[in-house]
1. Please give the number of the condition Ile28 fails out of (1) part of a helix (DSSP H, G or I); (2) surrounded by 22 or more Cβ atoms within 10 Å (Cβ to Cβ).
2. Residues being assigned to a strand (DSSP E or B) and surrounded by fewer than 17 Cβ atoms within 10 Å (Cβ to Cβ): count how many of those fall in the range 1-15.
3. Let me confirm something: among Leu155, Leu164, which residue is at pLDDT 95 or above, in a loop (DSSP other than H, G, I, E, B) and either within 23 Å of Ile6 (Cβ to Cβ) or touching a Lys or Arg at 6+ places or on another chain (Cβ under 6 Å) (or both)?
4. Got at least one residue in the range 27-50 being aromatic (Phe, Trp, Tyr) and closer than 19 Å to Leu170 by Cα?
5. Restricting the first residue to the range 168-194 and requiring it to be among the small types (Gly, Ala, Ser), which pairs with a second residue that is in a loop (DSSP other than H, G, I, E, B) meet a Cβ separation below 9 Å and a spacing of at least six or different chains?
6. Would you tally the residues in the range 46-100 being modelled with pLDDT under 95, of a type in the set (Asp, Glu) and out of contact with any Asp or Glu (no Cβ under 7 Å at 6 or more places or on another chain)?
7. From the list Leu60, Leu18, Leu90, Leu54, which one is over 16 Å from the mean Cα position of the chain (by Cα) and buried (at least 20 other Cβ atoms within 10 Å of the Cβ)?
Amino acid sequence: MTSVSIIIPVFNEEKTILTILTKIKAKINQLKFKINFEVIVVDDCSTDNTNTLLKKNSYLYDYIIEIPKNKGKGFAVNQGLLKSSNEVILIQDADLEYLPENYENLIKPFIESDADVVYGSRFRTTEVNRVIFFWHYIANKLITFISNCFSNLNLSDVEVGYKLFKKKLLNDITLTENSFGFEIEITHKLAKLKKKTKIFEVGISYYARDYSEGKKIGIKDAFRAIYCILKFSIFKK
């Protein structure tokens, strides 16, 4: 592996966007691997000061995509994929729940084990994790269990934000989910690929936010995830 495209979907993250971009830049410079990176920010029609901050600090990224109407994380990631040019895709949330300190471990399976896909895991880990909502934990476990039943994978954290893929795999699938349901869609479509796909999980650190800190995912997204499991495992081939 020689190159990574980091795609950062952003919506109303004025408090964190410059911090995460600065951390990404610093981590890229510290990595022991000789890899070319490009950083693609996708602003999903932010209504706060996010876009202004991005424009004033363009040295922190390579490309910006501005979506004229808010569409959701899945749509933003898809737009970033269209712009990306590197061998591996890394999805990075902008809210500081997932930090670039995890990059080395996430990239290592591509270099050492010829991985096709690497998922982070907040549950299969010895790293630091902020303790927060019990019912979020139960919902994540339930969604992952149901997803595994239909995908025949043994993932521990299907809803994790850190997902990395060889881009050539994504040429074989079409992504349609605009919402957080993207996480389920891409998992089940990769699981259905006829050629053998080498999927790895890596324990990551995780610093959960609560809703007062801007957390966006909610109960409706949990129901959407269940719907997407059924949609992409039973009704869509």
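1. Among (1) part of a helix (DSSP H, G or I); (2) surrounded by 22 or more Cβ atoms within 10 Å (Cβ to Cβ), Ile28 violates only (2).
2. Within the range 1-15, the first condition is being assigned to a strand (DSSP E or B), and the residues that meet it are 3-10.
Retained after the next criterion (residues that are surrounded by fewer than 17 Cβ atoms within 10 Å (Cβ to Cβ)): 3.
Going through the range 1-15 one residue at a time, the tally reaches 1.
3. Values: Leu164 fails: in a loop (DSSP other than H, G, I, E, B).
Being at pLDDT 95 or above, in a loop (DSSP other than H, G, I, E, B) and either within 23 Å of Ile6 (Cβ to Cβ) or touching a Lys or Arg at 6+ places or on another chain (Cβ under 6 Å) (or both) holds for just one of Leu155, Leu164, which is Leu155.
4. Of the residues in the range 27-50, the ones aromatic (Phe, Trp, Tyr) are 33, 37.
Narrowing the set further to residues that are closer than 19 Å to Leu170 by Cα leaves 37.
For the range 27-50, residues aromatic (Phe, Trp, Tyr) and closer than 19 Å to Leu170 by Cα: present.
5. Going by the 9 Å Cβ cut-off, the qualifying pairs are Ser179/Lys71; Ser179/Gly72; Gly181/Gly72; Ala191/Asn152; Ala191/Leu153; Ala191/Thr197.
6. 1
7. Working: Leu60 fails: buried (at least 20 other Cβ atoms within 10 Å of the Cβ); Leu18 fails: buried (at least 20 other Cβ atoms within 10 Å of the Cβ); Leu90 fails: over 16 Å from the mean Cα position of the chain (by Cα).
Just a single option satisfies the conditions, and that option is Leu54.
The values are calculated or read from the model by the stated rules, or taken from the named source; none is laboratory data. Quick caveat: nothing in here was measured; it's all calculated off a predicted structure. FYI the Cβ positions are ideal-geometry reconstructions off the backbone, even for glycines, and counts take in every protein chain you see.
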